[in-house]
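Chemist: The structure's right below; bear with me while I get my questions together.
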Amino acid sequence: MGKQIFNNIKLGIFILASLAFLILLFYMIGKNRNFFGSNFTLKSRFENVQGLKIGNNVRYAGIDIGSVNKIEVLNDTVLEVEIIIENKMKKIIRNNSIVSIGTDGLVGNKVVNITSTKLNAPLVKEDDILSSRRPIDTDDLLRTFSKTNNDIYLIAKNLKKTTFDFNQSNILWKLLNDNSIVENIHLSLSNLHSASIEINNIVKNANSIMDHIKSGNGSIGTILYDTAFTLSIKNTLNNVNNISNSAIKLSDEAKETIKNINYELMKGDGAFNKLLKDSITGVTITSSIKNIENGTRAFNLNMEALKHSFLFRGYFKKSSKKN
Amino acid sequence: MLGQESALRKRNSITKIHRKSMNNSILLKSFFAEVGSLSKFSGKFLSRFFIPPYEINELFKQCYVIGYKSLPLVGLTGFIMGLVLTMQLRPFMIDYGVESQLPAIVGIAIIREIGPVITSLIFAGKIGSSIGAELGSMKVTEQIDAMEVSGTNPFKYLVVSRVMAATLMLPVLAILSDAISLYGSYLGVNIKGDTNFNFFWIQVFDSLEFRDVLPAFIKTYFFGFAVGIIGCYKGYYSSKGTEGVGKSANSAVVVSSIMIFILDLLAVQITELLGFN
């Protein structure tokens, strides 16, 4: 009897151990599928769910926060995915978050990713419909891979040809084997180094000059940064402006005067008008000039006679000696 | 002379074919008879199961013998199975660059299929033969007849308790075998790699779903019932003395093993139809 009780105890432990593992298994699966604890649902709509299944995980910033509960076909182009999410995420997910379908690794299960945007928005509520992003189509991906592969093939082909040409070229090999080129390159680099040092010094000097100018020293510094000089230039320019105005005024006055003279010459009663326009006056003047010429000739004769006069001979001799 | 020989040869060949077809027909008939008899035996079990008195003490005793005493063998095979499966899969997983998925794949394989089926086959080998031999020897030594004479219902006492114990204990053994196999797999992963214990179990549980566990768990009840009922049937109808006992034990193991595979095939089809796959 005692042995039977002992056997029954062992049997009980054996069954309980099995039950414990079964319960643990169910609990862990249930926990992963959010069957325990408080949850809320969110929805999102897609054109193509890319093989997403009920029970696939939902991730927010890479953390599993829920699972897919239902996938419903609304019409020929829209599928609604209902997801269950842990209640604590209600305080974190905003209703402008984006839902997308991804893959867990390269060959893993499909997952629903919720990505937050940086824009501020109210927190999600039960049964909110979040906007979705078109999932990456594996066919598109493979097509791109295929194109890239072709490009790589062409590049490799060209590279192969280039390498072949390179190997065939004696000049290139001669160039590569010529040690003097290396020395020249070394020398050039050394010169380049010296030049760069020189350039550096020049730049330093230029900086120093610029600093000098910026501090207001020297002619350029004075021109650029001395406010008193600027004021003086301003005044000078004002004066130049005034002079210019005066010159314009003077020019206008001269113009007016010339206009008046012209008018007087053409139309007035003055001596000039008569001189130019009156024919009688012209004749008179011509006659007067002739008289003057005659008078001058007579005067010259008189003067010549005077030179030979004994009274004035001495004076003329003295004046010619002085000259 | 030659004509007589050829006629004799022809007659002999016809006799051989006839005998062969006769044998085939006898085999077919005996197969159907066996199936019918087994079905009748199962029906008798179901009808007796609900009628009191219930042999609770005998049930517990059989549970202890069938379940608890099978644990070391089932546990050892389960442990080796998990370990070997992991070690065999590991190089290929590394080749494909999915070594991290090893716990998940081994977990699904063990929980869904390998655990229940291998445990059931080991169980059939151990329990099917033991029930067949035990009841067979009781039959040939007329102990069963003696029980009937003494007023004890031998069917209820011997068959119902054993079939019930086998039906109830195989799922328990399968669950423990799964756990031990997964532990073996954990050790297998850690022989050449380095995985944290918690991380291994999280990966296993993450990959599992109810649709993986429930059909596998439910089908073990049917496997247990098949092993129990076939073992009891073969033993209960044993004949031809001690030779018959060995034959009963052997055929109990063979038939119950085949039945396990047939039921497994049916289970896959049913879970497929129900959308669990």
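Chemist: Taking segment B:200-225 as the search range and keeping residues that are polar (S, T, N, Q) and more than 9 Å from chain A (Cβ to nearest Cβ), which one is nearest to residue B:127 (Cα to Cα)?
Modeler: The residue in question is B:220.
Chemist: Take segment B:93-132 and flag every residue that is outside any helix (DSSP H, G or I) and either open to solvent by 50 Å² or more (accessible area, probe 1.4 Å) or in contact with a Gly (Cβ under 7 Å, 6 or more places away or on another chain) (or both).
Modeler: Answer for segment B:93-132, where residues must be outside any helix (DSSP H, G or I) and either open to solvent by 50 Å² or more (accessible area, probe 1.4 Å) or in contact with a Gly (Cβ under 7 Å, 6 or more places away or on another chain) (or both): B:96, B:97.
Chemist: Let me ask another. Take the conditions more than 30 Å from residue A:64 (Cα to Cα), of a type in the set (Ser, Thr, Tyr) and exposed (fewer than 10 other Cβ atoms within 10 Å of the Cβ) and apply them to residue A:180. Does it pass?
Modeler: yes
Chemist: May I pose another question? Which one of these does residue A:299 not meet: (1) over 60 Å from the mean Cα position of the chain (by Cα); (2) open to solvent by less than 100 Å² (accessible area, probe 1.4 Å)?
Modeler: Tallying (1) over 60 Å from the mean Cα position of the chain (by Cα); (2) open to solvent by less than 100 Å² (accessible area, probe 1.4 Å), residue A:299 fails exactly one: (2).
Chemist: Restricting to segment B:46-94, and then to whatever is among the small types (Gly, Ala, Ser) and in contact (Cβ under 8 Å) with a residue 60 or more places away in the chain, can you tell me which residue is farthest from the other protein chains (Cβ to nearest Cβ)?
Modeler: Step by step, filter segment B:46-94, then rank; the result is B:82.
Chemist: Quick check on my filter: what residues within segment B:221-264 are of a type in the set (Phe, Trp, Tyr) and outside any helix (DSSP H, G or I)?
Modeler: Result: B:237, single match.
Chemist: Oh, and also: Give me the residue from segment A:126-171 that is assigned to a strand (DSSP E or B) and more than 37 Å from the chain's Cα centre (by Cα) and, out of that set, surrounded by the fewest Cβ atoms within 10 Å (Cβ to Cβ).
Modeler: That would be A:129.
Chemist: Here is a follow-up. What residue, among those in segment A:23-33 that are closer than 12 Å to residue B:205 by Cα and of a type in the set (A, V, I, L, M), is farthest from the other protein chains (Cβ to nearest Cβ)?
Modeler: It comes out as A:24.
Chemist: Oh, and also: When you check residue B:194 against the structure, is it more than 30 Å from residue B:253 (Cα to Cα), away from chain A (no Cβ under 14 Å) and either of a type outside the set (Val, Ile, Thr) or part of a helix (DSSP H, G or I) (or both), yes or no?
Modeler: yes
Chemist: Could I ask something else about it? Please specify each residue of segment A:1-22 satisfying the condition of being within 7 Å of chain B (Cβ to nearest Cβ) and hydrophobic (A, V, I, L, M, F, W, C).
Modeler: Within segment A:1-22, A:11, A:14, A:15, A:17, A:21, A:22 qualify.
Chemist: Identify, by number, the condition in (1) open to solvent by less than 40 Å² (accessible area, probe 1.4 Å); (2) charged (D, E, K, R); (3) in a loop (DSSP other than H, G, I, E, B) that residue B:212 doesn't meet.
Modeler: Only one criterion in (1) open to solvent by less than 40 Å² (accessible area, probe 1.4 Å); (2) charged (D, E, K, R); (3) in a loop (DSSP other than H, G, I, E, B) is unmet by residue B:212, namely (3).
Chemist: If you scan segment B:265-277, which residues turn out to be small (Gly, Ala, Ser) and either part of a loop (DSSP other than H, G, I, E, B) or at pLDDT below 90 (or both)?
Modeler: B:275
Chemist: Considering only residues of segment A:93-125 that are within 30 Å of residue B:207 (Cβ to Cβ) and charged (D, E, K, R), which is surrounded by the fewest Cβ atoms within 10 Å (Cβ to Cβ)?
Modeler: In this case the residue turns out to be A:104.
Chemist: Moving on to the next point. Quick test for you: out of A:39, A:87, A:56, pick the one residue that is more than 13 Å from chain B (Cβ to nearest Cβ) and within 21 Å of residue B:211 (Cβ to Cβ).
Modeler: Within the list A:39, A:87, A:56, the selection yields A:39.
Chemist: Of everything in segment A:1-38, what is charged (D, E, K, R) and in a helix (DSSP H, G or I)? Give them in sequence order.
Modeler: A:3, A:10, A:31
Chemist: Strands (runs of 3 or more DSSP E) wholly in segment A:39-92 with at least 1 residues that are exposed (fewer than 12 other Cβ atoms within 10 Å of the Cβ) - which ones?
Modeler: Because the criterion is at least 1 residues that are exposed (fewer than 12 other Cβ atoms within 10 Å of the Cβ), the strands (runs of 3 or more DSSP E) in segment A:39-92 that meet it are A:63-73.
Chemist: Then there's this: Which condition breaks for residue A:46 when tested against (1) aromatic (Phe, Trp, Tyr); (2) under 45 Å from the mean Cα position of the chain (by Cα); (3) within 11 Å of chain B (Cβ to nearest Cβ)?
Modeler: (3)
The values are calculated or read from the model by the stated rules, or taken from the named source; none is laboratory data. Here the structure is a predicted model, which is why all the values come from computation and not from measurement. All Cβ positions, glycine included, derive from the backbone under ideal geometry; neighbour counts span all protein chains shown. For the accessible areas, the whole protein counts, side chains as well, though only heavy atoms, and no ligand, DNA or RNA atoms are used. Shrake-Rupley method; radii C 1.70, N 1.55, O 1.52, S 1.80 Å.
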